[in-house]
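Chemist: Okay, handing you the structure first.
The values are calculated or read from the model by the stated rules, or taken from the named source; none is laboratory data. Remember, it's a predicted structure, so these values are computed and weren't measured experimentally. Backbone-built Cβ (ideal geometry, glycine too); neighbour counts: all protein chains shown.
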Amino acid sequence: MADCIFCKIAEKEIPSNVVYEDDKILCFHDLDPQAPVHVLIIPKKHIASMDDVQPEDQELLGYIMTKVKDIAASLELENGYRLVNNCGEDGMQTVQHIHFHLLGKRKLTWPPG
Ligand code: 5GP
Ligand code: ZN
């Protein structure tokens, strides 16, 4: 989608530090890491947010969930990690292309702020 920063990252129009890529998804390091490991997992398909997920996205979203543990293992997050989706204004979503933050390598506090 035009003017979507994560679509541009997926299409390599904007560079990123890639951790994992296949035909459906991309994982890359967050520009402003909030933990020693902080990567973003996105579908290459533009979906604006969790609120915009459609029934036909079930397989794609499920696919992302099956890949999390492999990406976490590749980043040596054997002690645990947190997978986060921010949705909408109250969720503090700043990029309108669905993404999952994968954070680790520090003790993460609960509840989040
Ligand atoms: P949100 O606040 O929408 O849940 O998360 C957006 C995330 O994208 C933020 O953690 C922010 O640091 C990251 N981000 C924004 N622009 C870029 C970019 O151009 N490159 C990378 N690698 N991360 C970005
Ligand atoms: Zn997009």
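Per-residue answers, yes or no, for (1) buried (at least 18 other Cβ atoms within 10 Å of the Cβ); (2) touching a residue at least 24 places away in the same chain (Cβ under 8 Å); (3) on the phi > 0 side of the Ramachandran plot:
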position: 5; (1), (2), (3): no, yes, no
position: 9; (1), (2), (3): yes, yes, no
position: 24; (1), (2), (3): no, yes, no
position: 27; (1), (2), (3): yes, yes, no
position: 33; (1), (2), (3): no, no, no
position: 42; (1), (2), (3): yes, yes, no
position: 45; (1), (2), (3): no, no, no
position: 63; (1), (2), (3): no, yes, no
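Chemist: Any chance segment 8-27 includes a residue that's under 25 Å from residue 113 (Cβ atoms) and at pLDDT 95 or above?
Modeler: yes
Chemist: Let me ask something else. Among all residue pairs at least 6 apart or on different chains, which show Cβ distances below 7 Å where the first residue, located in segment 68-82, is closer than 16 Å to residue 36 by Cβ and free of Cβ contacts under 8 Å to residues at least 60 places away in the same chain and the second is surrounded by fewer than 18 Cβ atoms within 10 Å (Cβ to Cβ) and hydroxyl-bearing (Ser, Thr, Tyr)?
Modeler: 71/20; 74/20
Chemist: Looking at segment 14-63, which of its residues are hydroxyl-bearing (Ser, Thr, Tyr) and within 14 Å of residue 85 (Cβ to Cβ)?
Modeler: 49
Chemist: Taking residue 51 as the residue in question, decide whether it is among the acidic types (Asp, Glu), at negative phi and either away from ligand 2 (no atom under 16 Å from the Cβ) or buried (at least 17 other Cβ atoms within 10 Å of the Cβ) (or both).
Modeler: Numbers: among the acidic types (Asp, Glu): yes; at negative phi: yes; either away from ligand 2 (no atom under 16 Å from the Cβ) or buried (at least 17 other Cβ atoms within 10 Å of the Cβ) (or both): no.
It is false that residue 51 is among the acidic types (Asp, Glu), at negative phi and either away from ligand 2 (no atom under 16 Å from the Cβ) or buried (at least 17 other Cβ atoms within 10 Å of the Cβ) (or both).
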